[in-house]
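The values are calculated or read from the model by the stated rules, or taken from the named source; none is laboratory data. This structure is a prediction, so every number in the text was calculated from the model and none was measured. Cβ atoms come from the backbone with ideal geometry, glycine included; neighbour counts cover every protein chain shown. The accessibility values were calculated without ligands, DNA or RNA, using every heavy atom of the protein model including side chains. Shrake-Rupley method; radii C 1.70, N 1.55, O 1.52, S 1.80 Å.
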Amino acid sequence: MEKIVVIETEDDYREALKRFIGLCGSQKTDEDLMELQLLTDLMEKYERANCGGN
């Protein structure tokens, strides 16, 4: 699976959320933990810009 590095659309956000949930339910490597942090940051940025957050 290709890593997500930017979230620009609702579809991108949904894909990131699916990936995040998939990673949460599995045994995690250091690389997985880094990807979880990146996804968290990207999703938070998208939510702030598009979902009325501050």
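Over all other residues within a Cβ to Cβ distance under 13 Å of Lys45, the charged ones net out to -4, with Lys and Arg as +1 and Asp and Glu as -1.
When Lys and Arg each count +1 and Asp and Glu each count -1, what net charge do the other residues less than 14 Å away from Thr29, Cβ to Cβ, add up to? Result for the local shell: -2. Projecting label points 7 angstrom from Cα along Cα→Cβ for Leu23 and Glu10 puts them 2.4 nm apart.
Compared with the dominant Cα axis of the chain, that is its longest principal axis, helix 10-24 is turned about 30°.
Sites count as exposed loop sites when they are GluC sites (Glu not before Pro), lie in a DSSP loop, and have at most 13 other Cβ atoms within 10 angstrom; the longest stretch of the chain without one is 9-54. Entry comment: accessible area of the chain is 78 Å² per residue, from protein heavy atoms only and a probe of 1.4 Å.
The share of accessible area on the chain that comes from carbon and sulfur is 51 percent, using a 1.4 angstrom probe.
Helix 30-50 and the longest principal axis of the C-alpha atoms of the chain enclose an angle of approximately 10°.
For Lys28, no residue has an amide H sitting under 5 Å from its own, ignoring neighbours fewer than 5 places away on the same chain, with H placed 1.01 Å from N.
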